[in-house]
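What follows is calculated from the coordinates using simple rules that are stated; it is not laboratory data. What you are looking at is a predicted structure, and each value in this text was computed from that prediction instead of being measured. Counting neighbours? That spans all protein chains shown, and the Cβs are built from the backbone with ideal geometry, glycine included.
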Amino acid sequence: MPVTVKIHIPPDLKRALDGDMRKVVQKAAMVIGEELKAELNRKPEAPPYSGRRQWYERRFGPKWHSDPERRWKRTKRAVVYGVNWAGVKTSALLSAGLWELKQTAWGAIVGNPVPYVPLVQSHKEQAEVHKGRWTTDKEAADRVIRSGKVDRAVKAAVAWVMKGKGGVP
């Protein structure tokens, strides 16, 4: 579910930095990555219980009403039983803040180890049930760009690198 944020660097800035853009890109990418993580960690409100026979419970998975007298004796799925319900624990706690930020040679990668994250937050693969509720990767990037945080991060990184080179940005 890659979303790429490209930073355009004017030629005169490249000359001022002697073509050494790696430090600027790395520093700015880490700040931008933290902002993306914050956007992607936003979780929507859980959908209200609609009174239907089956529902989804956050941090657990699908549940349904179950009469103790009519329960399965053997099943292939790991069904968990409550007093008047049954369910399958499938939730991997996507909203538990598992988004990670790793620096690369020329930027940063924001990722999440939960296997079904593309079905929830990928702008290309998002399941219909999650549309409009969960922030997609592209929406998060667009919000960070529109907020001006990308520009501020790049300017701060340039100033930091120029200060180390003895120049004034």
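Summary table below
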| quantity | calculated |
| --- | --- |
| Total formal charge among the other residues, if their Cβ is under 14 angstrom from that of residue 101, Lys/Arg +1 and Asp/Glu -1 | -2 |
| Qualifying aspartates and glutamates (Cα of each under 18 Å from Cα of residue 124; at least 8 residues distant if same chain) | 39, 137, 139, 142 |
| Around residue 57: net Lys/Arg minus Asp/Glu count, Cβ-Cβ under 11 Å | +4 |
| Cβ-defined net charge surrounding residue 133, 13 Å radius [Lys, Arg +1; Asp, Glu -1] | +1 |
